[in-house]
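The structure under discussion appears below in the form of structure tokens.
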Amino acid sequence: MVVNTSKKVNTESVTTTINYNLFDRIASVVQGGITENRYYNANQRLCRLYRPDVGSTAYDYNSVGDVIWEAKGASGAINACATTSVLASEKTQFSYDSIGNIRQITYPDSSGNSLYTFDAQGNLSNLTSGSTAWEYQYNSLGLIEKELLTVDNLTFVLDPGYNALGQLTSLS
């Protein structure tokens, strides 16, 4: 349900109209003759976004509000959540650890999944996506001490330097 709450923004002869629902969530955005509609589930979490020029994107959540999948170009109804109508082959899936850190992204194509590893302090320590890998090492202040990027068996190193206040002073 869209209430009559809207905001118009004029920038360089382009008018953008934003309409809100009863819960003050954006229900639609109109700009340049194109309307983007947004639909929410019972918990007021975005479950579907539809634009006629790019199609539909659907979302679903776990019990704590983390996105568990996203489907761009999703099948199913374009004007409702209808998450059960989205095909598994359209979904990019997300999994999390017990404290909500992203652990894995599984893509619906063969592009290679992304795996995330965190250290005991909750800092991202490794990220692998397909044949590309990032490794992060931290100092006692939790600042990045070294970043390694490996692409096609070539490793690139970033080595930041900090002053006594923890401010970045060099990067090599």
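Where a number appears in this text, it was derived from the coordinates with a stated rule and is not lab data. Quick caveat: nothing in here was measured; it's all calculated off a predicted structure. In this analysis, Cβ positions are derived from the backbone assuming ideal geometry, glycine residues included, and neighbour counts consider all displayed protein chains.
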Cα-projected label distance for Tyr162 with Ser95, points at 7 Å along beta-carbon direction, nm | 3.3
Can you figure out the FRET efficiency of Thr17 with Ser63, using R₀ = 41 Å and their beta-carbon distance, to the nearest 0.05?
-> 0.75
Based on alpha-carbon positions alone, could you give the equivalent ellipsoid semi-axes of the chain from the gyration tensor, as √(5λ), descending, whole Å?
-> 38, 22, 17
Assuming a ≥ b ≥ c are the square roots of the Cα gyration tensor eigenvalues, decide whether the stretch 110-171 counts as rounded (a/c under 1.5), prolate (otherwise, with a/b larger than b/c) or oblate.
-> oblate
Work out the FRET efficiency for Gln31 and Leu171 from their Cβ-Cβ distance, taking R0 = 45 Å, and round it to the nearest 0.05.
-> 0.70
Cut-off 15 Å between beta-carbons: net charge of the residues surrounding Phe156, Lys and Arg +1, Asp and Glu -1 | -3
The relative contact order of the chain, taking Cα pairs under 8 Å that sit 6 or more residues apart, comes to a percentage of 8
Summed over the other residues with a beta carbon less than 12 angstrom from that of Gly32, with K and R at +1 and D and E at -1, the charge totals -2
Distance in nm between Thr117 and Asp152 label points, each 7 Å along Cα→Cβ, equals 2.5
Radius 11 Å from Cβ of Tyr136, net charge of other residues (Lys, Arg +1; Asp, Glu -1) = -3
